[in-house]
Amino acid sequence: MTKNITCVTCPMGCAITVELSDSGEVLSVKGNTCKRGEVYAVNECTHPQRSLATTVKVEGGIHNVVPCKSAGALPKEKIFDCMEEINKACAKAPVALGDVLVENVCNTGINIVATNHCPAR
């Protein structure tokens, strides 16, 4: 099986072709111009991951929500489950930049952290 992907590791956007066995094992990677592209292609075909940016509700703040992001890449297949858990969360003001809003989201080992502050009213 052949999979064509575009590398997003750097601005070059290399068109990469990955040959996979019937069991999903990577046989070859072609089209990348750097080693990071090869690593990205292998990861994308065997265990895709994504960063997640969203908001968390805030109680008692000058804003109703605070922007946040995952502190690391999350397994792509768990993104919707993570969003369900994040949507249930509510932080108490004040919230500072970098505060952990959801610890170990969906048992991934990744925290959801504030990317801005939200002072109390």
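The values are calculated or read from the model by the stated rules, or taken from the named source; none is laboratory data. Quick caveat: nothing in here was measured; it's all calculated off a predicted structure. Here the Cβ is made from the backbone with ideal geometry for all residues, glycine too, and neighbour counts use every protein chain on show.
Numerical summary
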{"read-out": "Matching entry among ALA73, ALA93 (being under 28 Å from ASN4 (Cα atoms), surrounded by 15 or more Cβ atoms within 10 Å (Cβ to Cβ) and out of contact with any Leu (no Cβ under 8 Å at 6 or more places or on another chain))", "value": "ALA73"}
{"read-out": "Answer residue from region 33-53, given it is touching a Ser or Thr at 6+ places or on another chain (Cβ under 9 Å) and outside any helix (DSSP H, G or I) and is nearest to CYS14 (Cα to Cα) among those", "value": "CYS34"}
{"read-out": "Tally of residues being surrounded by fewer than 17 Cβ atoms within 10 Å (Cβ to Cβ) and assigned to a strand (DSSP E or B) across region 102-121", "value": "1"}
{"read-out": "Criterion violated by ASP99 - all others in (1) in contact (Cβ under 8 Å) with a residue 12 or more places away in the chain; (2) surrounded by fewer than 16 Cβ atoms within 10 Å (Cβ to Cβ) satisfied", "value": "(2)"}
{"read-out": "SER70, sole failed condition from (1) among the small types (Gly, Ala, Ser); (2) at pLDDT below 95; (3) within 21 Å of the chain's Cα centre (by Cα)", "value": "(2)"}
{"read-out": "Index of the failed condition, ASN87 passing every other in (1) in a strand (DSSP E or B); (2) of a type in the set (S, T, N, Q); (3) farther than 29 Å from CYS7 by Cα", "value": "(1)"}
{"read-out": "Number of the condition not met by GLU19 [criteria: (1) part of a strand (DSSP E or B); (2) closer than 24 Å to THR2 by Cβ; (3) touching a residue at least 40 places away in the same chain (Cβ under 8 Å)]", "value": "(3)"}
